[in-house]
Amino acid sequence: MVKCKKRKDMQMQINKQSIRHKNVEEMCDALNEKCMAHDGFLNYSFLKESEYDYNLPETENPYAYLMFDDADALVAYLGFLKIDANNMQVCMAVDPKRRRQRIGTNLFLRLVSEFDSFSYSVSLDPENGTGKAFLETLGFNFASKEISMELNKDNFKFDANPIELKIENDESNEELKSDTAPLKITGIINEEIDDKTIEKEIGWLYLIKDENSFCLCDIEVNEEFREKGYGNRLLQTTLKDAFKHADKIVLHVTSDNTPAIKLYEKNGFKTLETIDIYEI
């Protein structure tokens, strides 16, 4: 639970809207572009259509608190997305001309007043010193550094022995081309024990489908199969099938996860950017 010290602040009109509502996405994107042009670095936002799934119920897609001035121009927004029952992802932008007026603070206090039992996370450009200082005034602390990586179809080379893949999602549709997300991919091998064929799961990963790409989330290899090349076989077989339906694969990995980074680099993934994660 987040506890923020409440103070008497300027009165403002804050509207809550689904990202699907009218032109909310376009307004927030325009303010983002304005902030990035002023600040000189990326302002991370998950409010673009490509970052959420229209197949999900509207309540599971992002919402935003919006603040307008007297001329009905968007002054600031705070977007939020429930990750699970306890965690929420947040993004924000405030018009450079309207900063230092506690607008961002008031937007966050509004969020906390409605969802006070959640933990919150924010992605920040490592060069964004102003954003870092602002988050610290709210009680956020640095949690981790993430690396964003990408692999294009033309740069992928399959060189591992394939394994059987078991693909699951909420609709039990065993096709990687499914538009339903996420897909749980489990790697299966068969072992001969006492003249019997035993099916064993070596590990799993998740894929989330976007128009012409997949996002790779969480790869885990069961302990007895680690450091034996099975993680590479699971990843390679999954990528081989995924590239039948997509042009690129993207992923995020914490900078201290050296084994995973080495595995991704071995398979051709290239670093796109580094992101700082702050949490409260």
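For region 80-100, a residue qualifies if it is at pLDDT below 90 and touching a Cys at 6+ places or on another chain (Cβ under 9 Å), and exactly one does: Leu81.
The lone criterion from (1) part of a helix (DSSP H, G or I); (2) surrounded by fewer than 16 Cβ atoms within 10 Å (Cβ to Cβ); (3) of a type outside the set (Val, Ile, Thr) left unmet by Asp116 is number (1).
Residues considered: Leu111, Leu107. Of these, the only one that is aliphatic (A, V, I, L, M), within 30 Å of Asp218 (Cα to Cα), within 22 Å of the chain's Cα centre (by Cα) and crowded, with 19+ Cβ neighbours inside 10 Å is Leu111. Would you check if there is a residue in region 188-204 being among the β-branched types (Val, Ile, Thr), surrounded by 17 or more Cβ atoms within 10 Å (Cβ to Cβ) and at pLDDT 85 or above? Yes. Any idea which residue in region 228-280 is surrounded by the most Cβ atoms within 10 Å (Cβ to Cβ), counting only those that are part of a helix (DSSP H, G or I) and aliphatic (A, V, I, L, M)? Per the criteria, the residue is Leu234.
Table: residues versus (1) within 30 Å of Asn86 (Cα to Cα); (2) at pLDDT 95 or above; (3) in contact with a His (Cβ under 7 Å, 6 or more places away or on another chain).
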position: Thr238; (1), (2), (3): no, no, no
position: Asp241; (1), (2), (3): no, no, no
position: Lys244; (1), (2), (3): no, no, no
position: Asp247; (1), (2), (3): no, no, no
position: Leu251; (1), (2), (3): yes, no, no
position: Thr258; (1), (2), (3): yes, no, no
position: Lys266; (1), (2), (3): no, no, no
position: Thr274; (1), (2), (3): yes, no, no
position: Tyr278; (1), (2), (3): yes, yes, no
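The values are calculated or read from the model by the stated rules, or taken from the named source; none is laboratory data. All values derive from a computational prediction rather than experimental measurement. Because the Cβ atoms are built from the backbone with ideal geometry, glycine has one as well, and the counts that use them run over all protein chains shown.
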